[in-house]
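The values are calculated or read from the model by the stated rules, or taken from the named source; none is laboratory data. Worth saying up front: this structure is predicted, and the values here are computed from it rather than measured. So basically every Cβ, Gly included, is an ideal-geometry build from the backbone, and we count neighbours across all protein chains shown. Areas reflect the complete protein model, heavy atoms only, side chains present, ligands, DNA and RNA absent. Shrake-Rupley method; radii C 1.70, N 1.55, O 1.52, S 1.80 Å.
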Amino acid sequence: MAKTRKWHIPLTEDWQRRLTALLTLVFVMQFVSWFASEENMWWPETVTIVRLSLVVVFALELLPRVNFWLLRCIQLWILIIANALFSGYEPVWYKVRSFTEFGNWTYDNFWQLHPFIWFSLGAWLIYVTAEWWMRVRWRIATVTVASVLVLAARDSFSLLVLWEETAVIILCGLLLLIVCHFGEIKRQNPSGWAYLIEYPATLLIMVIAVLGIMMTPGILMPTVRPLLTDPYTAYLQWKGEPVPSLGKSFFGAGVFSSGSSSSGYSRDDSSLGGGFDYDYSPVFTVDTTHRSYWRGETRALYTGDGWELNEGDRQGSSGAVALNTPLIKDPRFNTNLLQTVKVTQTITMLNEDASYPVLFGAFAIGQVNAVNGAGADRLRWSARQSELRFNEGGRNNNYPESYVIESEMPVISGEELRKVASPPNMAAFSEYLQLPRSLPPRVRQLAQTVTASGASPYEKAKLLEKYLQESFPYTSKPRTELAASSDFVDSFLFEIKEGYCDYFSSAMAVLSRTVGIPSRWVKGYVSGYNQLDDLSFGQVPLDVMDNPDGPGLYTVRNSDAHSWVELYFHGYGWIPFEATSGFVIPLIQPEEEAVDTVLPEVDASVEPAAAPVDGEASGLSRGAVITLSLTGVLMAAAAVLGWIFRRKLAQLPGAKWLLTGKRAINPRQKIISEYSRLLRIFRRKGFAVAEYETARETVVRLKQQHKWMSEDLERLLALFEKAKYSTGLITHEECGKAIEIVNKLKKAV
């Protein structure tokens, strides 16, 4: 018996406090996860130091039999050392001959830990307070209910998805109540507790049973519509206002018909027009070696109302697909002059209930390497349309969960394409030159006028593309009440004079056909949201930063649904064109023809701003520093100790990786990197960006072209020029303003 007790003591000593500390850590981490998801709230470095601080404090809480105040002092010192290592602290030494110089010396050393030290210490205080609070049953219930309400409210009225955080908080609350309950059993019934300790399986069964009874019905419950309407929704409905779903509906499958008022991949294109609301719910992610549009289906028959499959595409044969085997090409299309680049993509679907008639990928898909999940046997290849079709039907569509494909993206050489004449046998392409008899003559006349200076089909196509992009504004809510013509393209060109991608792409396809260029209408998705855009300076390799069309991990949403055109050039096959205003299709060009739009590199040699001298404005007054000098001495001493510890640790074998992490970015570098990030975003969205322009020249030109962003660009330019060229102090407040401006413009474009 004595031996058994010795085995139990290390495991059960102060068990309630330790379990409470662990569950409180998980509880608080959910709020850190929430703040990390908020745009323009915390830097990635802030999230890292807060999480590190919480883990360190929790680990020290597990120390047995340590005096309360001694434990707090140990935690404080360890946090200061951790912040010194994280911030890349370098001690400042000089002789101190007066109290003022002592304050300056303290400031120069302490300021290097700003601002992350405040987040670290704040997280420490919050965690310690929360751990103390979570020891009484009613306080646990109060905090859990309040936290769920706060997260639920933020989730409901934003684009954030906080369901997982809410679920974890509920689970932690239940476990904390169980820990509290068993603690009371130990105090009130020692004999019963001794029995439970002797037979721990009984204790575990009780805990699992309680959680199972409470959670199993919710897990097994089928998805049903709510029986009651929340007050805010009821109020909007009573006023007759639309209720925004913010792209987080339980019931949307991510696929919308042409009559839907939300953006998404259309099922029926036979009747185009109207407007739409943006739905930002994610559809899939693409891990690719080159940015592209993700092509879906093509249509060749224009009816005057929209696009349909022509007779050849309806009757065209589709062959079975074998993995890791090149897909056959349509022999009708001559591509003997075409050069291609192999692009590998891994597409992962984000909605398990969604199903599509095709698999998406960069044009043109060359082979399928892998298909995960059921449905591989339902793949069919249509060489006529270069479509990787998925045969839907049955009770369960079994659309692939993920798949890996290789595409052969064409290398677009403008110089070579200008030499291409019309196909020698135009009759073979009659289905791609079809136009309805009801097409008004003024459409043909407009095409002839726009392309009058074009000497080749390619030049005519570029003139049409430029005309559409520069003559008509983009809007998701075109004024369709202005339409009088029965033809969709005619009403867009001469009456509505504004629209979104379906308007522009249809017009480009029809206008091209009127001047003898075979065309087909294509629908799919634009590239999507690149996660590299959110990374900070130093986290993105320079070759990737300077190449916005290079590798990336893209999240494609319903709002990224898009349509464009492909035109046929003999010897090169189908070449994509983008006529929609504000959009630029990613293309691969020969190196000698590529437009030199390399973004300015961030100068990593820029020195941080010097510490302010007397009379300069600063984020922390001298008086405050001197008043807190004793605290500053402790901070500086700890930082020096951390610096010495860092040097010693670097000498240990295998420990180098601990010290090679990136240093915290100072405000000067951050502003410069934010400006470069905005230029990358602008280039992806179709704004012209050239290396030969200075920042001021770029901003002046953009202000003239887009007056609505003039004020924001001027403010950002002032901050960038100060950070890039001035030796004055750059404050964290100015850095925050730059981040705010960039995020605002990112949303706007």
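This table checks each residue for (1) touching a Cys at 6+ places or on another chain (Cβ under 9 Å); (2) of a type in the set (Asp, Glu); (3) not in a strand (DSSP E or B).
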site	(1), (2), (3)
312	no, no, yes
322	no, no, yes
326	no, no, yes
329	no, no, yes
356	no, no, yes
377	no, yes, yes
380	no, no, no
388	no, no, no
405	no, no, no
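Residues 97, 139, 135: which one is under 30 Å from residue 179 (Cβ atoms) and not in a helix (DSSP H, G or I)?
Of 97, 139, 135, the one residue that is under 30 Å from residue 179 (Cβ atoms) and not in a helix (DSSP H, G or I) is 135.
Scanning for something free of Cβ contacts under 8 Å to residues at least 40 places away in the same chain, surrounded by fewer than 18 Cβ atoms within 10 Å (Cβ to Cβ) and hydroxyl-bearing (Ser, Thr, Tyr), does the range 476-498 turn up at least one residue?
no
Tell me, please, whether a residue that is modelled with pLDDT of 80 or more, under 24 Å from residue 585 (Cα atoms) and in a helix (DSSP H, G or I) can be found in the range 689-698.
For the range 689-698, residues modelled with pLDDT of 80 or more, under 24 Å from residue 585 (Cα atoms) and in a helix (DSSP H, G or I): present.
Looking at the range 448-475, which of its residues are open to solvent by less than 60 Å² (accessible area, probe 1.4 Å) and touching a Gly at 6+ places or on another chain (Cβ under 6 Å)?
If the condition is that a residue be open to solvent by less than 60 Å² (accessible area, probe 1.4 Å) and touching a Gly at 6+ places or on another chain (Cβ under 6 Å), then 460, 463 are the ones that fit.
Of all residues in the range 31-90, which are part of a loop (DSSP other than H, G, I, E, B), farther than 19 Å from residue 113 by Cα, of a type outside the set (D, E, K, R) and out of contact with any Asp or Glu (no Cβ under 8 Å at 6 or more places or on another chain)?
So in the range 31-90, the residues part of a loop (DSSP other than H, G, I, E, B) come out as 38-43, 62-67, 88-90.
Next, only the ones that are farther than 19 Å from residue 113 by Cα stay: 38-41, 62-67.
When the remaining residues are screened for being of a type outside the set (D, E, K, R), the result is 40-41, 62-64, 66-67.
Of everything in the range 31-90, those that are part of a loop (DSSP other than H, G, I, E, B), farther than 19 Å from residue 113 by Cα, of a type outside the set (D, E, K, R) and out of contact with any Asp or Glu (no Cβ under 8 Å at 6 or more places or on another chain) turn out to be 41, 62, 63, 66, 67.
With respect to residue 451, is the statement that it is among the polar types (S, T, N, Q), under 20 Å from residue 305 (Cα atoms) and in contact with a helix residue (DSSP H, G or I) (Cβ under 8 Å, 6 or more places away or on another chain) true?
For residue 451, the condition - among the polar types (S, T, N, Q), under 20 Å from residue 305 (Cα atoms) and in contact with a helix residue (DSSP H, G or I) (Cβ under 8 Å, 6 or more places away or on another chain) - is not met.
Find all pairs meeting these conditions: Cβ atoms under 7 angstrom apart; at least six residues apart or on different chains; first residue within the range 322-344 and at positive phi; second residue open to solvent by less than 100 Å² (accessible area, probe 1.4 Å) and of a type outside the set (D, E, K, R).
Note: pairs meeting the criteria are 324/367; 324/369.
Report, by residue number, each residue of the range 91-101 that is closer than 23 Å to residue 81 by Cβ and modelled with pLDDT of 75 or more.
Passing the criteria: only 91.
Could you run through the range 47-86 and say how many residues are among the aliphatic types (A, V, I, L, M), closer than 24 Å to residue 16 by Cβ and over 31 Å from the mean Cα position of the chain (by Cα)?
Kept after step one, since they are among the aliphatic types (A, V, I, L, M), are these residues of the range 47-86: 47, 49-50, 52, 54-57, 59-60, 62-63, 66, 70-71, 74, 76, 78-82, 84-85.
Narrowing the set further to residues that are closer than 24 Å to residue 16 by Cβ leaves 54-57, 59-60, 62-63, 66, 70-71, 74.
In the following step, the residues that additionally are over 31 Å from the mean Cα position of the chain (by Cα) were identified as 57, 59-60, 62-63, 66, 70-71, 74.
Adding up the residues that qualify gives 9.
Conditions tested, residue by residue: (1) touching a strand residue (DSSP E or B) at 6+ places or on another chain (Cβ under 8 Å); (2) open to solvent by less than 70 Å² (accessible area, probe 1.4 Å).
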| residue | (1), (2) |
| --- | --- |
| 270 | yes, yes |
| 274 | no, yes |
| 288 | yes, yes |
| 309 | yes, yes |
| 314 | no, no |
| 325 | yes, yes |
| 329 | no, no |
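Could you say whether any residue in the range 435-443 is under 40 Å from the mean Cα position of the chain (by Cα), crowded, with 17+ Cβ neighbours inside 10 Å and modelled with pLDDT of 90 or more? Spell out the reasoning first.
Taking the range 435-443 and keeping what is under 40 Å from the mean Cα position of the chain (by Cα), we get none.
So far as the range 435-443 goes, no, none of its residues is under 40 Å from the mean Cα position of the chain (by Cα), crowded, with 17+ Cβ neighbours inside 10 Å and modelled with pLDDT of 90 or more.
Of the residues 361, 304, which is among the small types (Gly, Ala, Ser) and closer than 22 Å to residue 553 by Cα?
Result: 361 is the single residue among 361, 304 that is among the small types (Gly, Ala, Ser) and closer than 22 Å to residue 553 by Cα.
Tell me which of these residue 124 doesn't satisfy, since it passes every other one: (1) in a helix (DSSP H, G or I); (2) over 23 Å from residue 41 (Cβ atoms); (3) open to solvent by less than 50 Å² (accessible area, probe 1.4 Å).
Every condition holds for residue 124 apart from (2).
Give all pairs with beta carbons closer than 6 Å in which a residue from the range 33-60 that is open to solvent by less than 60 Å² (accessible area, probe 1.4 Å) meets a residue that is in a helix (DSSP H, G or I) and of a type in the set (Ser, Thr, Tyr); count only pairs at least 6 apart in sequence or on separate chains.
Close Cβ pairs satisfying both conditions: 49/120; 53/120; 54/127; 57/127.
Looking at (1) modelled with pLDDT of 90 or more; (2) of a type in the set (A, V, I, L, M); (3) more than 30 Å from residue 369 (Cα to Cα), which one does residue 404 not meet, given that it meets all the others?
(3)
Only one residue in 367, 339 is open to solvent by less than 60 Å² (accessible area, probe 1.4 Å), at pLDDT 90 or above, more than 25 Å from the chain's Cα centre (by Cα) and not small (Gly, Ala, Ser). Which one? Break it down stepwise before answering.
Details: 339 fails: open to solvent by less than 60 Å² (accessible area, probe 1.4 Å).
Every option except 367 fails the conditions.
Scanning the range 707-736 for residues that are open to solvent by less than 20 Å² (accessible area, probe 1.4 Å), of a type in the set (A, V, I, L, M, F, W, C) and assigned to a helix (DSSP H, G or I), which turns out farthest from residue 671 (Cα to Cα)?
Ranking the candidates gives 709 first.
Condition test on residue 131, is it open to solvent by less than 20 Å² (accessible area, probe 1.4 Å) and not small (Gly, Ala, Ser)?
Values: open to solvent by less than 20 Å² (accessible area, probe 1.4 Å): yes; not small (Gly, Ala, Ser): yes.
Yes, satisfied.
Evaluate the following for residue 373: is it within 28 Å of the chain's Cα centre (by Cα), of a type in the set (Gly, Ala, Ser) and open to solvent by 30 Å² or more (accessible area, probe 1.4 Å)?
Considered against the rule, which asks whether it is within 28 Å of the chain's Cα centre (by Cα), of a type in the set (Gly, Ala, Ser) and open to solvent by 30 Å² or more (accessible area, probe 1.4 Å), residue 373 comes out as yes.
Of the conditions (1) under 30 Å from residue 425 (Cα atoms); (2) at pLDDT below 95; (3) outside any loop (DSSP other than H, G, I, E, B), residue 510 clears all except one; give me its number.
(2)
Residue 384 versus (1) in a loop (DSSP other than H, G, I, E, B); (2) surrounded by fewer than 17 Cβ atoms within 10 Å (Cβ to Cβ): which is the lone unmet condition?
(2)
Could you list, in sequence order, the residues of the range 142-179 that are among the small types (Gly, Ala, Ser) and assigned to a helix (DSSP H, G or I)?
Just the residues of the range 142-179 that are among the small types (Gly, Ala, Ser), to begin with: 146-147, 152-153, 156, 158, 167, 173.
Those that are among the small types (Gly, Ala, Ser) and assigned to a helix (DSSP H, G or I): 146, 147, 152, 153, 156, 167, 173.
Just to be sure I understand, how many residues within the range 110-121 are among the aliphatic types (A, V, I, L, M) and open to solvent by less than 20 Å² (accessible area, probe 1.4 Å)?
2
Applying the selection to the range 565-611, what residues are at pLDDT 90 or above and either closer than 18 Å to residue 530 by Cα or open to solvent by 10 Å² or more (accessible area, probe 1.4 Å) (or both)?
570, 572, 574, 576
Go through the residues of the range 410-420 one by one and say whether even a single one is out of contact with any helix residue (DSSP H, G or I) (no Cβ under 6 Å at 6 or more places or on another chain), surrounded by fewer than 18 Cβ atoms within 10 Å (Cβ to Cβ) and in a helix (DSSP H, G or I).
yes
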